[in-house]
Amino acid sequence: MSHNLNIASIRSDFPILNEVVNGKQLVYFDNAATTQKPRLVLDALSGYYEHYNANIHRGIHHLAEKATSAFEQSRKRLQAFLNAEHSEEIIFTYGTTDGINLVASAYGRKFLKEGDEVIISTMEHHSNIVPWQMLCEEKGCILKVIPINDEGELLMDEYEKLLTEKTKFVSVVHVSNALGTINPIKEIIQKAHAVGAKVLIDGAQASSHIEIDVQDLDCDFYSLSLHKIYGPTGMGILYGKRDLLNAMPPYRGGGEMIKEVTFAKTTYNELPYKFEAGTPNIADVVAAKYALDYVDALGKPQIAAHENELLKYATNAVSEIEGLRIIGQAKEKVSVLSFVIDGIHHQDIGVLLDQQGIAVRTGHHCTQPLMNRFNITGTSRASFAVYNTIEEIDRLIQGLHKVRKMLG
Amino acid sequence: MTINEIQDELISDFELFDDWESKYEFIIDLGKQFPPLEEQYKTEDNIIKGCQSRVWLNAYMDGDLLKFEADSDAIIVRGLVSMLVKVLSGHTPEQIAKSDLYFMERIGLHQHLAQTRSNGLAAMLKQMKAYGFAFQAKSVNA
Ligand SMILES: Cc1ncc(COP(=O)(O)O)c(C=O)c1O
């Protein structure tokens, strides 16, 4: 599919793309780590602080009402973004990691017991490994791992073999940050539900590329970060089915999450506030709405079409680099190009590309078990967003030729 | 030569280069020429963990002088490591503990020392000085 986006005009929405790095115009290919923010989002942030900064859900004055209303509008906006049934199913968090920890802690500690099994996959980010390891250690649960093939796709047969009546929870990444693989999560969710397990989807990488409908997916939890969807840093949401969230104990105690406090007993507030102790990240929550408006105005299918063109072009172009091997060749992929070059350390590639003004990510991408699976210590990763261009990919290719020449 | 004389010499070496390419080619050459650390010293104890590349550092006393050998799996880091070894190895523990390294900044490579999490260089420098302090304390106690 081709698209009708005007990329030049989109680029002009992102002031940071004009930065000059080491004397060259910046090429920003580290979008899987975090995307840049459009002017609209920057204006929303400063607009909040300039015009209606106030603490929410407390004051009765004008500013407090305006801030509260903007904050709750963002919740509604996220509800629509994920097609959640109820707005109180949207819990504001610090990001994907925070949301996963919330579930592992509040759901896991209440409902999992010794001998129960939790399934994750080989391609998980450390944020979707460590919270489950901590839970398993505390409760005596067993962690099982879905293996992958050499292309970087989950082995669904093996997954089915892992599922038993002991399986109580499945937590899997929607899109792999290190490989770009899009996992068949709908099928994963169905199969888990068939044995009575609950499912969390780590949506950190999916949410800027793929339309998400949590009702259609029927996932129990979905965690994401706004900074990967052209929105602010340190802010995300956890979606959870209402019945489950209601059944879970609070995760953190403090202001906002209570109904009544006496020294004898505290009664907890209702959803979603039960999980939002303390003054939240109001400015970033408010600005998040604008990031989603921006994405939806362009249209995710349009964005994906452009990004897929870039991925296809880049995948072809890098094949001319001697000794280069792509890690992650799944049939279903987002615009992530992870690669290694024979005999060259990924850090050397990163340093020399940086000298040429090109930002890629190098290292293990917080997926060390996945790197071990491929017998490598890391990769170089170029990940593309809506504002990237073919010309920029040409600069990457030239850059890589230079790296080869200098290190050859 | 004193630690500062060696630093000054490196600074003037780098003054010859007027673009990033020749500068990095020089560092890469240093990395290639730097003798590899013998496998027996590439131990868990000697490894300095960065997020991206690994650095190994071995320290030993040779008479009154503290000497270093090191290695890295990334070539540019290896070149940078070789410079740190060149500057600091073969001085007394006290001189090493008290040293003030300014050459990286002057050569315009300080970003490599700042990225604490992505490479082991800053941690390596800290470790070299820590050896200086440790061996200094030992010789005072002896
Ligand atoms: C797949 C995946 N999961 C989780 C995370 C963690 O996101 P955050 O650091 O925003 O909590 C990331 C971000 O790097 C990611 O790519």
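Some notes on this structure:
- Boolean, residue A:314 is of a type in the set (Gly, Ala, Ser), more than 24 Å from residue A:236 (Cβ to Cβ) and buried (at least 19 other Cβ atoms within 10 Å of the Cβ): yes
- Figure legend. Inter-residue proximity from segment A:93-122: first residues within 29 Å of residue A:282 (Cβ to Cβ) and within 16 Å of the ligand (Cβ to nearest atom), second residues among the aliphatic types (A, V, I, L, M) and part of a loop (DSSP other than H, G, I, E, B), beta-carbon distance below 9 Å, spacing 6+ or different chains. Indicated pairs: A:93/A:235; A:94/A:235; A:95/A:204; A:95/A:235; A:96/A:204; A:97/A:204; A:102/A:248; A:103/A:248.
- Out of B:8, B:71, sole residue that is in contact with a strand residue (DSSP E or B) (Cβ under 7 Å, 6 or more places away or on another chain) and either in a helix (DSSP H, G or I) or within 14 Å of chain A (Cβ to nearest Cβ) (or both): B:71
- Entry remark, segment A:341-383: residues being surrounded by fewer than 21 Cβ atoms within 10 Å (Cβ to Cβ), among the β-branched types (Val, Ile, Thr) and free of Cβ contacts under 8 Å to residues at least 40 places away in the same chain number 1 in total.
- The residue of segment A:112-153 that is nearest to residue A:164 (Cα to Cα), among those that are under 19 Å from the mean Cα position of the chain (by Cα) and among the β-branched types (Val, Ile, Thr), is A:120.
- Segment A:348-367, residues that are more than 24 Å from the chain's Cα centre (by Cα) and part of a helix (DSSP H, G or I): A:348, A:349, A:351, A:352, A:353, A:354, A:355
- In this structure, residue A:404 does satisfy being surrounded by fewer than 19 Cβ atoms within 10 Å (Cβ to Cβ), within 14 Å of another protein chain (Cβ to nearest Cβ) and closer than 30 Å to residue B:109 by Cα.
- Being in the same structural domain as residue A:252 (by TED's automatic domain parsing) and free of Cβ contacts under 8 Å to residues at least 60 places away in the same chain is a property that residue A:174 has.
- Checklist (1) more than 20 Å from residue A:381 (Cα to Cα); (2) touching a residue at least 40 places away in the same chain (Cβ under 8 Å) applied to residue A:263, failing item: (2)
- Some residue of segment B:109-124 being charged (D, E, K, R), more than 14 Å from every other protein chain (Cβ to nearest Cβ) and in contact (Cβ under 8 Å) with a residue 12 or more places away in the chain: no
- For segment A:368-402, a residue qualifies if it is in a loop (DSSP other than H, G, I, E, B), closer than 22 Å to residue A:36 by Cα and not hydroxyl-bearing (Ser, Thr, Tyr), and the qualifying residues are A:384, A:385, A:386, A:388.
- Lone unmet requirement of (1) without any contact (Cβ under 8 Å) to a residue 40 or more places away in the chain; (2) assigned to a helix (DSSP H, G or I); (3) more than 11 Å from chain B (Cβ to nearest Cβ) for residue A:325: (2)
- Single residue of A:178, A:192, A:204 found to be surrounded by 23 or more Cβ atoms within 10 Å (Cβ to Cβ), away from the ligand (no atom under 16 Å from the Cβ) and not basic (Lys, Arg): A:192
- Residue satisfying all of: in segment A:233-273; crowded, with 24+ Cβ neighbours inside 10 Å and under 30 Å from residue A:37 (Cα atoms); farthest from the ligand (Cβ to nearest atom) among these: A:240
- Listed by position, the helices (runs of 4 or more DSSP H) contained in segment A:71-151 that have at least 3 residues being surrounded by fewer than 21 Cβ atoms within 10 Å (Cβ to Cβ) are A:108-111, A:130-139.
- Failed item in (1) touching a residue at least 24 places away in the same chain (Cβ under 8 Å); (2) over 18 Å from residue A:334 (Cβ atoms); (3) of a type in the set (Lys, Arg), with residue A:228 passing the rest: (2)
- Hey, residue A:338 within 14 Å of another protein chain (Cβ to nearest Cβ), among the hydroxyl-bearing types (Ser, Thr, Tyr) and touching a residue at least 40 places away in the same chain (Cβ under 8 Å) or not: no
- Hey, residue A:209 assigned to a loop (DSSP other than H, G, I, E, B), within 13 Å of the ligand (Cβ to nearest atom) and touching a residue at least 24 places away in the same chain (Cβ under 8 Å) or not: yes
The values are calculated or read from the model by the stated rules, or taken from the named source; none is laboratory data. Predicted model only: the values in this text are computed from it and were never measured. Reconstructed Cβ throughout: ideal geometry from the backbone, glycine too, with neighbour counts over all protein chains shown.
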